[in-house]
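Enquirer: Got a structure for you, questions after.
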Amino acid sequence: MDKLEEYIRKNREELDKNIPSPDLWNGISKDLHRRRLTKIKWLSAAAMIVVIFSTAALFYVGENSRNNILRSRDINAFMIKANPQLVETEVYYNNLVNNLYSEASPLLSRHPDLKNELFNDFSQIDSICADIKKDLKDNVDNQEVIEALINNYRIKIQILEDMLVVLKQNENNPQKSNSHEL
């Protein structure tokens, strides 16, 4: 770079004599303006595409969740009409599960890992119950499907009862609670 700098210093006057014509500067200016307009057009097109796809995705997600809610309402309404005893049984087991969970909740607050595991197990069981309810819509009179649904509620109750026994034992035995074992 020293040679270039030295050359420019020596020939400064010679280099400043040659001034570009105004037409050349006008051409450069037009070319820069045209490039900016092209970039702006591409950016605005990309922004419009992003907005269109985002709107479509939000509409799809909203419509899908609305349809799921309507389907679950339809299944519940169908179950009430087809088998009111099943609805009573479901209410009974849900109340039992809620009562057991209320009893376990203070103990679970001291064991967040156990609480997370319980939620994961319950979400799997709830998913299975939802599938069973779909099958029930097809086979309302099928006793096996009804028994499977009741069995899932019993599993939830058994999990909660077992967990309560272990948590209560853990509360009564401080040595185990210090070692973080259930």
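The values are calculated or read from the model by the stated rules, or taken from the named source; none is laboratory data. Because the structure is a prediction, the values reported are computed rather than measured. Using ideal geometry, Cβ is built from the backbone for each residue, glycine included, and neighbour counts are taken over all protein chains shown.
Enquirer: Give me a count of the residues in region 14-65 that are modelled with pLDDT under 85 and among the aromatic types (F, W, Y).
Expert: Total satisfying the criteria: 3.
Enquirer: Test each condition in (1) within 13 Å of I157 (Cα to Cα); (2) at pLDDT below 80; (3) of a type outside the set (S, T, N, Q) for Y93 and report the one that comes out false.
Expert: All conditions pass for Y93, except number (2).
Enquirer: Right, something else. Restricting attention to region 18-51, report how many residues are of a type in the set (S, T, Y) and over 26 Å from I8 (Cβ atoms).
Expert: Start the filter on region 18-51 by keeping residues that are of a type in the set (S, T, Y), which leaves 21, 29, 38, 44.
Subset that is over 26 Å from I8 (Cβ atoms): 38, 44.
Here the count works out to 2.
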